[in-house]
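The values are calculated or read from the model by the stated rules, or taken from the named source; none is laboratory data. Not measured: the values here are computed from a predicted model. Heads up, the Cβs are rebuilt from the backbone with ideal geometry, glycines too, and the neighbour counts pull from every protein chain shown.
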Amino acid sequence: MTERFMVAFAGDGAGEGPLSWGQHDIWRAMVRQESWIPNGAWGPLPEGTTLEDVRERLRYLMSRFPTARTRLRLSPDGPPRQVVAGEGEVALDVFDAGDDDPAELAEELRLKLQEDAYDFERDWPIRMAVVRSGGALTHLVVVMCHLVTDGFGAGVLLEELDKRPETPVPDLQPLEQARWQASAPGARQHAMALRHWDGILREMPLRRYPKSRDPRSPRHWRGEFSSPALSMALRSVTAQTGIAAAPVLLAVFAVALARVTGLNPVVVRPMVNNRFRPGLDRVVCMLAQYGLCRLDVAGITFAEAFDRARRSALSTYKHAYYDPAGLDDLVARAVADRPGLELPCYFNDRRDDDAAAGAPVPSTDEVAAAAGGGTFRWTTQQDVPFEPLIVHIDELPGATQAIVFLDTHVIAPGDAEALLHGLEAVAVEAALDPDVATGVA
């Protein structure tokens, strides 16, 4: 580090209270994974960007969004509480690249800022650094704790950071969300969600995965799969069936999982953004929670599987807003009543359906020609835990990417790799003829 500047900020919404459901959910994931689950990115700065420009950007971010000013108050006797500051100072670090490539330094800084220890009670959840090369500012690096926002809220944050609106932020910030969640309407929403979950937990098959044939050490692995054919096939299926992209991909995932595990009905936990709820669409916060979806994909056509996924998704989305502590109690009771019950895998479709809406629809010949071109690689092996199985889906330029995190003592690495290749195979089969059978018995 060459220089450090302290940037003062002040904003509305100061106070202290319980965590909202979304915050509590991601906090529990942080405890399980022994991580503050940081999200980081870097990018080039426009030519002529000054240090004051960057300071002002950081000042705006911290002042506008209450979650950027939120720290935790930890207690050994109960859950954390959120503490939103009304003002303060945050560090902006400047690093000189010297003779090094400034882009490479920016990536090194991203990794360092993500790996450095994080104090939930004392540190601000935003870390910002800037790279300087030849006297000019070239790259900006930003890392934030996942308590600040989910992916959908991050889109709002970046948009407003670019446009700098001065309009008030939405009323339903996390402190106000927590107040509503503790009210009678909040209790009704939670109870309704638990009834949905209880019905599936009491009927789903006990085992979700075959016994791992290949437990490894280090135990927890991460892999990436990139496929142009998967991207093309999903667009083709959506155009042919008229069913939205999200349930189409959910059904494709369910069929691929059933083929790998040999288990049906398929039960998965899809991430639900919850931003269709009144007053929550523009809130920068951790709002998304995992739902619970049961899909029977055996003995039917792909078209029927897509329709089932469309109908099941509506119920899943409706019941993915709940108190995580109450849900844990429900799951514990279900496991006690059904020894050996395994919770299903997590599935996080992070694609932007609106962004993909204008993309050209490929012909079936183009889909067939691209089939089998997906590439897979393992990227991480570690002893720090991941969830037993979680798959994230992103849309990249010209390809769909699937990222898998797994516990190799739960599912074998080869099965996880086969699952991601299976996504491409299933989507291509469905694109070539939605009326053929799924191949699941």
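Note on the stretch 1-80: no enclosed strands (runs of 3 or more DSSP E) hold 3 or more residues that are aromatic (Phe, Trp, Tyr).
Within the set Leu175, Leu206, Leu161, the sole residue that is at pLDDT 95 or above and either hydrophobic (A, V, I, L, M, F, W, C) or outside any helix (DSSP H, G or I) (or both) turns out to be Leu175. For the stretch 20-43, the set of residues classified as surrounded by 14 or more Cβ atoms within 10 Å (Cβ to Cβ) and over 30 Å from Gln181 (Cβ atoms) consists of Trp42 only.
Before we move on, is Arg351 of a type in the set (Lys, Arg) and either in contact with a His (Cβ under 7 Å, 6 or more places away or on another chain) or outside any strand (DSSP E or B) (or both)? Spelling it out, Arg351 is indeed of a type in the set (Lys, Arg) and either in contact with a His (Cβ under 7 Å, 6 or more places away or on another chain) or outside any strand (DSSP E or B) (or both). Between Gly48, Gly17, which is surrounded by 16 or more Cβ atoms within 10 Å (Cβ to Cβ) and not polar (S, T, N, Q)? Being surrounded by 16 or more Cβ atoms within 10 Å (Cβ to Cβ) and not polar (S, T, N, Q) holds for just one of Gly48, Gly17, which is Gly17. Per the conditions (1) outside any strand (DSSP E or B); (2) over 30 Å from Thr70 (Cα atoms); (3) touching a Lys or Arg at 6+ places or on another chain (Cβ under 7 Å), the sole criterion not satisfied by Val267 is (1).
Report whether or not Asp328 is among the acidic types (Asp, Glu) and touching a residue at least 60 places away in the same chain (Cβ under 8 Å). For Asp328, the condition - among the acidic types (Asp, Glu) and touching a residue at least 60 places away in the same chain (Cβ under 8 Å) - is met. Scanning the stretch 80-110 for residues that are charged (D, E, K, R) and out of contact with any Lys or Arg (no Cβ under 9 Å at 6 or more places or on another chain) turns up Glu89, Asp99, Asp100, Asp101, Glu104, Glu107, Glu108, Arg110. Looking only at the stretch 357-406, residues that are surrounded by 15 or more Cβ atoms within 10 Å (Cβ to Cβ), under 22 Å from the mean Cα position of the chain (by Cα) and of a type in the set (A, V, I, L, M, F, W, C) come to 12 in all.
Each row is one residue, and each column tells you yes or no for (1) of a type in the set (S, T, N, Q); (2) surrounded by fewer than 22 Cβ atoms within 10 Å (Cβ to Cβ); (3) part of a loop (DSSP other than H, G, I, E, B); (4) touching a helix residue (DSSP H, G or I) at 6+ places or on another chain (Cβ under 7 Å).
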| position | (1), (2), (3), (4) |
| --- | --- |
| Ser212 | yes, yes, yes, no |
| Trp221 | no, yes, no, yes |
| Glu224 | no, yes, no, no |
| Ala233 | no, no, no, yes |
| Leu257 | no, no, no, yes |
| Pro278 | no, yes, yes, no |
| Gly299 | no, yes, yes, no |
| Arg311 | no, yes, no, no |
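Against the criterion of being in the same structural domain as Pro324 (by TED's automatic domain parsing) and either of a type in the set (Ser, Thr, Tyr) or farther than 22 Å from Leu113 by Cβ (or both), Arg164 does not qualify. For the stretch 287-297, which residues satisfy the criterion of being in a loop (DSSP other than H, G, I, E, B) and within 23 Å of the chain's Cα centre (by Cα)? Matches in the stretch 287-297: Leu287, Ala288, Gly291, Leu292.
All of Asp407, Asp394, Asp415 fail the test of being in the same structural domain as Arg377 (by TED's automatic domain parsing), more than 17 Å from Phe376 (Cα to Cα) and not aromatic (Phe, Trp, Tyr), apart from Asp407. Looking only at residues of the stretch 326-369 that are among the acidic types (Asp, Glu) and more than 21 Å from Leu396 (Cβ to Cβ), we find that the one that is modelled with the lowest pLDDT is Glu342. Residues in the stretch 81-137 that are more than 24 Å from the chain's Cα centre (by Cα) and either part of a helix (DSSP H, G or I) or in the same structural domain as Gln382 (by TED's automatic domain parsing) (or both): Pro102, Ala103, Glu104, Leu105. Among the conditions (1) in a strand (DSSP E or B); (2) charged (D, E, K, R); (3) closer than 15 Å to Arg222 by Cβ, Glu387 misses just one, which is (1).
If we scan the stretch 154-161, do we find a residue that is crowded, with 21+ Cβ neighbours inside 10 Å, in contact (Cβ under 8 Å) with a residue 12 or more places away in the chain, out of contact with any Cys (no Cβ under 9 Å at 6 or more places or on another chain) and under 18 Å from Ala29 (Cβ atoms)? Within the stretch 154-161 (the criterion being crowded, with 21+ Cβ neighbours inside 10 Å, in contact (Cβ under 8 Å) with a residue 12 or more places away in the chain, out of contact with any Cys (no Cβ under 9 Å at 6 or more places or on another chain) and under 18 Å from Ala29 (Cβ atoms)), the answer is no, since none of the residues qualifies.
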